[in-house]
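There's a structure below that I have some questions on.
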Amino acid sequence: MAIKRLFVANRGEIALRIVRAAQALNIETVVAVSDADRDSAAGRLADRSIVLGPPAAAKSYLDPRLIVHAAKESGCDGLHPGYGFLSERAILPRLCSDHGIAFVGPEPDVIDALGDKLKARAMAQAAGVPLVPGSECVATAADARREGDRIGYPVLLKAAAGGGGRGMVIAHNGDEAEAGFHRASAEAVAAFGDGTLFMERFVPEARHVEVQLMGDGKGRVLHFGERDCSVQRRYQKLIEEAPCAAMPDHLRAQLHQSAVDLAASVNYRNAGTAEFLFDVQRQEFYFIEVNARIQVEHPVSEMISGFDLVQEQIRIAGGAGLSVVQQDVKLSGHAIECRINAEDTKRDFLPSPGRITRWEPPEGEGIRLDSHMSAGTMIPPFYDSMVGKLIVHGKDRADAISRMADAIDGFAIEGVPTTLDLHRAIITHPDFVENHIHTRWLEQVLLPDYGKKAA
Amino acid sequence: MVEPGFPDALKLLLEEFSRSELCELHVRRGDFELYLSTDVARGRPQAAPRGVSAASVAAPLGHPAEAQGSAIEPVPAAVPDRTAADLPAEAIIITAPNLGTFYRAPKPGAANYVEVGGRIAEGDELCLIEVMKLFTALRAGVSGTIHAVLVEDGAMVDGGQPLFAVVAD
């Protein structure tokens with residue numbers, strides 16, 4: 001049954017994005033806010049806003065019982081979790097289902113299975129999706145050499161009981177694999193009391209690519225192309241693009257098919273993203289994980305497909321099937337998104353909450369801004385520091401880069417430090433322009449020099 | 001030197017302190033020093049006394065505590081004849097710690113915990129706040145007389161919504 005009143009269990013730009021999508025579908029909206037977000041843009045635009053509790057997320061946005069109680073008591077028949085917070089916690093769809101509220105997302109059991117890395121890997125393997133080549137347990141130095149020779153160097157030796165980088169050694173040849181075995185095993189014994197190791201191929205310069213998926217929950221899954229999110233700092237994405245211009249077409253087709261096969265194998269429902277590592281030297285991709293939610297960077301896929309993914313999410317949760325078939329999804333041009341954070345790049349990206357005193361975004365053809373900010377908005381210190389996503393669409397990558405440079409130049413933000421200048425430095429850097437980047441490029445190449453030229 | 005954003009940071013700190021269970025906070029940074037205390041006996045004036053209970057003593061009525069823009073159905077909030085003007089200046093407003101359904105009695109048919117004009121002592125139960133069948137009693141953080149009950153029985157209240165006006169002893 002189509003949703004009539006949607007509860008928005010999130011904040012910031014995505015709450016506003018969801019309210020707008022619902023309004024376009026003539027659906028009423030109720031936005032849950034914490035005490036710190038009483039005056040939020042999403043709450044003002046919605047038909048109603050409800051204060052959940054104190055600013056601390058654990059007592060507001062992260063309390064599933066509080067949220068479902070509010071949804072039920074405000075007469076909502078659908079709930080959108082956005083991203084982050086409770087979006088991938090199975091308890092939220094379970095509570096929704098107990099109270100007759102349609103959850104805008106996958107089945108709780110699917111969320112649980114995909115959230116478990118080992119289960120997700122097994123599901124990917126069963127669906128024929130490529131995984132990083134690796135070994136079973138390795139018991140001796142001789143085994144390590146033999147497995148290393150088979151997998152191909154460089155390889156990573158990892159503690160089976162491990163985590164947090166301890167008991168991890170990179171080996172570039174057979175001798176290093178033998179020596180590395182002794183070292184990693186000793187470290188693993190010291191750290192975890194268990195010297196068992198396993199090995200996997202190490203990709204020194206990988207790109208992060210991911211496929212946008214949408215499933216009907218009955219085995220039919222569409223893809224909306226891939227995104228390249230290789231500009232990262234400490235595993236946080238700063239810039240996302242669609243498509244991945246570095247990937248040849250035949251590989252791209254295999255990537256899409258792998259992602260669709262995996263999602264179809266679990267009758268995936270609603271929006272999701274399959275993430276992969278792309279080894280450019282070897283021209284291979286390996287499965288990482290599935291994110292069972294709408295993602296921050298979904299707008300770049302919308303820009304190249306002309307498709308509103310959040311509206312489609314709401315329709316599917318209301319019981320409608322997919323509104324199109326794969327042949328209808330036509331991808332064109334190139335889109336880039338910059339995540340603008342209120343962070344001080346001169347102070348190790350220190351989050352800098354405070355009041356925005358000037359907010360004049362750029363306008364023009366092919367420019368989109370997803371943001372909940374305006375002049376006078378207070379950025380509270382309790383949540384993430386993202387103030388907006390600047391998105392451009394051009395006829396090709398070079399055109400999109402040029403548009404983004406102009407859009408950044410035309411963007412005036414005052415009151416708090418932001419990462420806008422860093423984004424300018426990235427997208428005008430020769431490595432980015434020539435598309436010779438990888439997931440550690442920002443930290444290894446650009447950031448060490450950043451700020452020195454200006455000084 | 002006053003840093004940019006300093007007044008906002010101070011405001012946030014004050015808000016956080018007043019919401020927290022902390023009794024004292026002492027901040028020193030450079031030549032700036034700030035001391036906050038909820039202890040009236042220390043001679044530093046405080047807007048309202050505080051207890052250790054869940055009842056938070058918050059802003060006077062008229063502060064924008066109600067949810068905004070309730071086009072769907074009005075939030076059952078302040079009783080119409082009880083406006084800020086009716087309340088004595090010394091009235092203390094007890095607010096909901098979080099969202100939930102407000103119940104004046106321990107169970108249907110039972111007597112209300114408190115009535116207007118009734119006396120309360122610090123620690124007394126005032127009402128129940130229900131979240132998904134979990135009932136939490138709200139206790140008074142102050143002794144005094146109930147001057148007004150600001151919400152209808154059975155209504156959903158927002159976090160921070162005023163529930164009772166109390167004239168303290």
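Determine whether the range A:250-264 contains at least one residue that is over 24 Å from A:A320 (Cβ atoms), in contact (Cβ under 8 Å) with a residue 12 or more places away in the chain and aliphatic (A, V, I, L, M).
Checked the range A:250-264: at least one residue is over 24 Å from A:A320 (Cβ atoms), in contact (Cβ under 8 Å) with a residue 12 or more places away in the chain and aliphatic (A, V, I, L, M).
Can I ask one more? In this structure, is A:Q236 under 30 Å from A:Q311 (Cα atoms), surrounded by 18 or more Cβ atoms within 10 Å (Cβ to Cβ) and polar (S, T, N, Q)?
Judged against the criteria, A:Q236 is not a match.
Looking only at the range A:197-232, which residues are farther than 30 Å from A:F181 by Cβ and assigned to a loop (DSSP other than H, G, I, E, B)?
A:G217, A:K218, A:G219, A:R220
Only one of these is over 27 Å from A:D431 (Cβ atoms) and more than 15 Å from the chain's Cα centre (by Cα): A:R201, A:R269, A:R252. Name it.
A:R269
Can you give me the ranges of the strands (runs of 3 or more DSSP E) entirely in the range A:341-455 with at least 3 residues that are over 23 Å from the mean Cα position of the chain (by Cα)?
Result: A:358-360, A:412-414.
Additional query: Could you list, in sequence order, all residues of the range A:182-196 that are at pLDDT 90 or above and under 32 Å from the mean Cα position of the chain (by Cα)?
Within the range A:182-196, A:A184 is the sole residue that qualifies.
Please state which one of A:A56, A:A42, A:A24 is more than 21 Å from the chain's Cα centre (by Cα), surrounded by fewer than 24 Cβ atoms within 10 Å (Cβ to Cβ) and at pLDDT 95 or above.
None of the other options fit; the residue is A:A24.
Could you give every pair whose Cβ atoms fall below 6 Å, whose first residue belongs to the range A:132-146 and is closer than 22 Å to A:I288 by Cα and touching a residue at least 40 places away in the same chain (Cβ under 8 Å), and whose second residue is of a type in the set (S, T, Y) and buried (at least 18 other Cβ atoms within 10 Å of the Cβ), counting only separations of at least 6 or pairs across chains?
Pairs that qualify, where the first residue is closer than 22 Å to A:I288 by Cα and touching a residue at least 40 places away in the same chain (Cβ under 8 Å) and the partner is of a type in the set (S, T, Y) and buried (at least 18 other Cβ atoms within 10 Å of the Cβ), are A:V132/A:Y286.
Here is a list of conditions, (1) under 24 Å from B:I129 (Cα atoms); (2) touching an Asp or Glu at 6+ places or on another chain (Cβ under 9 Å), and A:I14 meets all of them except one; can you say which number that is?
(1)
Another one. Collect the residues in the range A:40-98 that are at the interface with chain B (Cβ under 10 Å from one of its Cβ atoms) and touching a residue at least 60 places away in the same chain (Cβ under 8 Å), keeping them in residue-number order.
A:S40, A:P55, A:A56, A:I67, A:A70, A:S74, A:G75, A:C76, listed by residue number.
Among the residues of the range A:107-120, are any closer than 30 Å to A:T196 by Cα and touching a Leu at 6+ places or on another chain (Cβ under 7 Å)?
There is at least one residue in the range A:107-120 that is closer than 30 Å to A:T196 by Cα and touching a Leu at 6+ places or on another chain (Cβ under 7 Å).
The values are calculated or read from the model by the stated rules, or taken from the named source; none is laboratory data. Since the model is a prediction, treat every value here as computed from it, not as a measurement. Positions of Cβ are backbone-derived with ideal geometry, glycine not excepted, and every protein chain shown enters the neighbour counts.
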